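Student: Once you've had a glance at the structure underneath, I'll fire off some questions.
The values are calculated or read from the model by the stated rules, or taken from the named source; none is laboratory data. These numbers were taken from a predicted model, which means no experiment stands behind them. Don't worry about glycine lacking a Cβ; one is built from the backbone with ideal geometry, like all the others, and counts go over all protein chains shown.
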Amino acid sequence: MDDYEVHNWVEEGGEKYNPNKDFQSLNAWQRSRDVKLFFYKKIIPELPIDEKFGLSAQIKRAAISITANIAEGYGRFHFQEGIQFYRISRGSLYELKDHLMSCYDLKFTDKKLYQEGLDMIEEAKRLTSGFINYQIRQKNNV
């Protein structure tokens with residue numbers, strides 16, 4: 001192996017480097033991206049103007065955090081570092097679930113949109129938790 005191949009071998013945790021495989025290939029990231037876009041396109045526009053710097057800002061931070069933490073965790077070399085970022089991502093999904101409940105309770109959104117958001121969040125949480133568990137098994141097998 002030349003230096004480039006060795007670097008990529010190490011960078012990818014011992015797997016042959018594949019430029020087409022990164023965080024975007026993870027189902028957990030893909031579903032989390034769907035959640036983020038759902039909140040930006042369907043929930044935030046429904047909020048009253050006086051929530052622009054309140055609930056809207058909180059939703060934006062949590063929604064961006066979901067995918068950003070999966071991406072950052074994927075870029076970490078050690079399993080435990082990555083796992084911590086994936087757990088933060090999962091925490092942001094729970095935070096968005098609470099924000100969605102607030103939107104529904106305060107009548108900023110209807111039951112249909114509320115249920116659609118809950119379903120998306122639950123699927124993203126399921127996949128993220130599964131990926132965390134997979135990473136824990138990988139860590140323990142090293």
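Student: Which condition breaks for residue 67 when tested against (1) closer than 16 Å to residue 93 by Cα; (2) β-branched (Val, Ile, Thr); (3) surrounded by fewer than 18 Cβ atoms within 10 Å (Cβ to Cβ)?
Tutor: Condition (3) is where residue 67 drops out.
Student: While we're looking at this one, here's another question. Give the residues of the range 123-142 that are of a type outside the set (Lys, Arg) and either in contact with a Lys or Arg (Cβ under 8 Å, 6 or more places away or on another chain) or farther than 19 Å from residue 91 by Cα (or both), sorted by residue number.
Tutor: 123, 124, 127, 128, 129, 132, 138, 140, 141, 142, listed by residue number.
Student: Here's a check for you: in the range 47-60, which residue that is in a helix (DSSP H, G or I) and surrounded by 13 or more Cβ atoms within 10 Å (Cβ to Cβ) is modelled with the lowest pLDDT?
Tutor: 51
Student: Scan the range 98-135 for residues that are among the basic types (Lys, Arg) and crowded, with 19+ Cβ neighbours inside 10 Å and report the count.
Tutor: So the count comes out to 1.
Student: Then there's this: So residue 76 fits all but one of (1) closer than 17 Å to residue 26 by Cβ; (2) assigned to a helix (DSSP H, G or I); what number is the exception?
Tutor: (2)
Student: Here are 107, 97: which of them is on the phi > 0 side of the Ramachandran plot and of a type in the set (Lys, Arg)?
Tutor: Just one listed residue meets the conditions, 107.
Student: Being in contact with a Ser or Thr (Cβ under 9 Å, 6 or more places away or on another chain) and surrounded by 18 or more Cβ atoms within 10 Å (Cβ to Cβ) is the filter here; which residues of the range 79-94 pass it?
Tutor: Hits for the range 79-94 are 86, 89, 90, 92, 93.
Student: I'd like the full set of residues that are assigned to a helix (DSSP H, G or I) and either modelled with pLDDT of 70 or more or loosely packed, with under 12 Cβ neighbours inside 10 Å (or both), limited to the range 11-31.
Tutor: Scanning the range 11-31 gives 23, 24, 25, 27, 28, 29, 30, 31.
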